[in-house]
Amino acid sequence: MTSPSIALITDSTCDIPAEWIKQYDITVVPLSIIFGDQVYQDGVDMTAEQFYERLPGEANHPTTSQPAPKAFLKAYQQAAANGASEILVITISSAMSGTIQSARNAAEESPIPVYVMDGKNNSMGLGWQVITAARAREAGAGLQEMISAAESVQKNMVYYISLDTIDYLSKGGRIADAARFLGSVLNIKPLIFVKAHNGTVGASIPARSRKSAIEGLYKEFFHHIDVNLPLHITVLHNNALQEARDLAERVRQEYNPKELFISIVSPVLGVHTGPRALALCGYAEG
């Protein structure tokens, strides 16, 4: 049983599987997805599958909203009530969302000390950091050791995303630099990546077809990760499960990672990346 003395909190962009959220006693504060005047809490009022089924038919592009400070404060108060003496919060990149500011604002009113860490990533680029911190806690680590463990994973994170269309990238706004880089090229499958050192998004070599896009994703990811070390990898998808399964099987056969699983991407991120995106995200132990 995990000791409750250090509570671990993240946000709903982490894409950690539900069974691990429960196993490692991680609290998830949801962001919101907004369709017109309808507001849904990510993972609470709307599942990722429901979102991706709805997205292509929407005339008005949905938007997203960070949690209010009171949502984090409620999580802090609950952690204290459950017996925690301090809290570690790891959030989506501050370059992508204002979520971290809500967490920091709430920390000023928390009944127990709170350390807020910028995950400088999203999806399982964030999730792997949270899981690593949780495993450190389970092994008896204190707060600083949990932070150090998460930071070590953060700096080694490799995360490449192949988009099926540029349309949602252009609409989203959060990754405008990558969109501008690709904007003059028509009918392409963009390939983007998250820069581990600052949590911003860059553009890599796009492709013309779905097949070549997935191949490019695969090659770029494994070009940037040390395959001679134990690997922890997630295959991420925006409602493209069969292709994710095929990709995961190829990874398993060719690299035999220490950990490998498939996860669907949060709607909050899907607003910007669109349906049928595929990604490889992970790190080498070092």
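The values are calculated or read from the model by the stated rules, or taken from the named source; none is laboratory data. All values derive from a computational prediction rather than experimental measurement. So basically every Cβ, Gly included, is an ideal-geometry build from the backbone, and we count neighbours across all protein chains shown.
Condition check: of a type in the set (Gly, Ala, Ser) and surrounded by fewer than 19 Cβ atoms within 10 Å (Cβ to Cβ). Does SER5 satisfy that?
Values: of a type in the set (Gly, Ala, Ser): yes; surrounded by fewer than 19 Cβ atoms within 10 Å (Cβ to Cβ): yes.
Judged against the criteria, SER5 is a match.
In the stretch 204-214, what residues are free of Cβ contacts under 8 Å to residues at least 24 places away in the same chain and either farther than 17 Å from GLU243 by Cα or touching a strand residue (DSSP E or B) at 6+ places or on another chain (Cβ under 8 Å) (or both)? Quick ask: steps written out before the conclusion?
Going through the stretch 204-214, the residues free of Cβ contacts under 8 Å to residues at least 24 places away in the same chain turn out to be 205, 208-209, 211-212.
Scanning the stretch 204-214 gives ILE205, ARG208, SER209, SER212.
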- Message: Can you list residue pairs whose Cβ atoms sit under 9 Å apart, with the first residue in the stretch 13-28 being outside the structural domain of HIS232 (by TED's automatic domain parsing) and the second being basic (Lys, Arg)? Count only pairs 6 or more apart in sequence or on different chains.
- Response: TYR24/ARG135; TYR24/ARG137; ASP25/ARG137
- Item | Residues satisfying the stated conditions in the stretch 103-130, i.e. surrounded by 24 or more Cβ atoms within 10 Å (Cβ to Cβ) and either polar (S, T, N, Q) or within 16 Å of VAL201 (Cβ to Cβ) (or both) | GLY119, LYS120, ASN121, ASN122, SER123, MET124, GLY125, LEU126, GLN129
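Could you tell me which of the residues ASP118, ASP42, ASP11, ASP15 is within 18 Å of the chain's Cα centre (by Cα) and over 26 Å from ALA136 (Cα atoms)?
Working: ASP118 fails: over 26 Å from ALA136 (Cα atoms); ASP11 fails: over 26 Å from ALA136 (Cα atoms); ASP15 fails: over 26 Å from ALA136 (Cα atoms).
Only one candidate qualifies: ASP42.
From the list ILE233, ILE262, ILE214, which residue is within 14 Å of ASP164 (Cα to Cα), in contact with a helix residue (DSSP H, G or I) (Cβ under 9 Å, 6 or more places away or on another chain) and modelled with pLDDT of 95 or more? Write out each step before concluding.
On the way: ILE233 fails: within 14 Å of ASP164 (Cα to Cα); ILE262 fails: within 14 Å of ASP164 (Cα to Cα).
Among ILE233, ILE262, ILE214, only ILE214 is within 14 Å of ASP164 (Cα to Cα), in contact with a helix residue (DSSP H, G or I) (Cβ under 9 Å, 6 or more places away or on another chain) and modelled with pLDDT of 95 or more.
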- Would you mind stating whether THR27 is buried (at least 16 other Cβ atoms within 10 Å of the Cβ) and closer than 22 Å to ALA141 by Cβ? yes
- How about the stretch 70-100: which of its residues are polar (S, T, N, Q) and surrounded by 15 or more Cβ atoms within 10 Å (Cβ to Cβ)? GLN77, THR91, SER93, SER94, SER97, THR99
- Query: Among the residues of the stretch 116-134, is any part of a helix (DSSP H, G or I) and basic (Lys, Arg)?
  - Reply: no
- Task: Kindly list the number of the only condition in (1) aliphatic (A, V, I, L, M); (2) under 20 Å from the mean Cα position of the chain (by Cα); (3) assigned to a loop (DSSP other than H, G, I, E, B); (4) at pLDDT below 95 that fails for MET1.
- Result: (2)
- Query: Hey, any hits in the stretch 7-16 for a residue that's of a type in the set (Asp, Glu), in a loop (DSSP other than H, G, I, E, B) and at pLDDT below 95?
  - Reply: no
- Message: Pairs please, first residue from the stretch 41-63 and without any contact (Cβ under 8 Å) to a residue 40 or more places away in the chain, second anywhere and among the β-branched types (Val, Ile, Thr) and surrounded by fewer than 16 Cβ atoms within 10 Å (Cβ to Cβ), Cβ atoms under 9 Å, 6+ apart in sequence or on different chains.
- Response: ASP45/VAL39
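I'm checking my understanding of the structure. Among residues of the stretch 80-103 that are closer than 24 Å to PRO267 by Cα and of a type outside the set (Gly, Ala, Ser), which one is farthest from the chain's Cα centre (by Cα)?
Looking only at the stretch 80-103, we keep the residues that are closer than 24 Å to PRO267 by Cα, and these are 89-103.
The next check asks that each one be of a type outside the set (Gly, Ala, Ser); those that pass are 89-92, 96, 99-101.
On the way: VAL89: 14, ILE90: 11, THR91: 9, ILE92: 7, MET96: 11, THR99: 13, ILE100: 14, GLN101: 18 Å.
Per the criteria, the residue is GLN101.
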